[in-house]
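What follows is one structure encoded as C-alpha cells, with my remarks underneath.
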C-alpha cells in the first residue's frame, strides 16, 4: 500500500516545537531520515526546487528541502506564507523584506533561525556532529592556534567537544558577517578568547581586517547547546553592534 504524501513527509522529518529562547529570533529544527526522502516533498510542501538542486544527489536534495521547509515554518510563525526562499550567486538565502535568517544541517538534523530585521542586523547558526577524540587530535591545528587550544584544554570542556564547538561557532560567525563584507574570511579572522561553560557561550575577538569594515569594536559571544553527538551554535548582532556603513 502506498503512503499518502502527508504520512510520508511526517515519517521523513520530525519537527521540534517552535523554540523562542533565542528571542528576538525564533528557532525551527528537526531530525530527518535520508532513506525516507522523496523528491515529491518539494511539491507537497510548496517548496521551490531550483534546477541546480534537482540535478544533485538525493542526500543534497533532502538537506536542502529540510532547510527550506524549516524556513517556511519559521516564516509562517510570523504570518509570511508561500515565499520562495531563493539564493544569490554566493548561495546566500534571500530572505523576505523585514527578516533575516540562517540555515544549517548535518546528515540527519536541520535548523533555521529567523528574526525581524528591525530587531537584529545579523544572525548566524550552525550545527555540527561532535568529532571523535582521535579526529580532534588530528584536526585541531587546522582550526585553532596555540592560544585557542590552550583555552579549550584549560577549560572544563573536552578537546573534541571544544573543537567541535569552536568550529561551529566560527561557521556561525561567517554566516552572520558574510552578507556585510561579501568576501571569504578564514578561521584565523575570529579568535577564541574565552569559554563560559556555565552560561554556554564562546567569546571571540576579530582581526582588524574583519572588524573595521563592519564596525565591530568589541568581542562577540556565540552561544551554544551541546548533547552527546551534536553541537549547535548561534550568534546575533543588534543594529548597535554594526556600523552604519556596514548596514
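Values for this structure:
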| read-out | value |
| --- | --- |
| Region 123-141, residues that are part of a helix (DSSP H, G or I), more than 18 Å from residue 195 (Cα to Cα) and touching a residue at least 12 places away in the same chain (Cβ under 8 Å) | 133, 135, 137, 139 |
| Residue list for region 75-92, filter: part of a loop (DSSP other than H, G, I, E, B) and under 15 Å from residue 65 (Cα atoms) | 82, 83, 84, 85, 86, 91 |
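To keep it simple, each residue is scored yes or no on (1) assigned to a loop (DSSP other than H, G, I, E, B); (2) out of contact with any helix residue (DSSP H, G or I) (no Cβ under 9 Å at 6 or more places or on another chain).
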site: 147; (1), (2): no, yes
site: 164; (1), (2): no, no
site: 167; (1), (2): no, no
site: 170; (1), (2): no, no
site: 185; (1), (2): yes, no
site: 192; (1), (2): no, no
site: 209; (1), (2): no, no
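We did not get these values from a lab; they are worked out from the coordinates using the rules stated. Because the structure is a prediction, the values reported are computed rather than measured. Every residue, glycine as well, gets a Cβ built from its backbone with ideal geometry; the counts of neighbours run over all protein chains shown.
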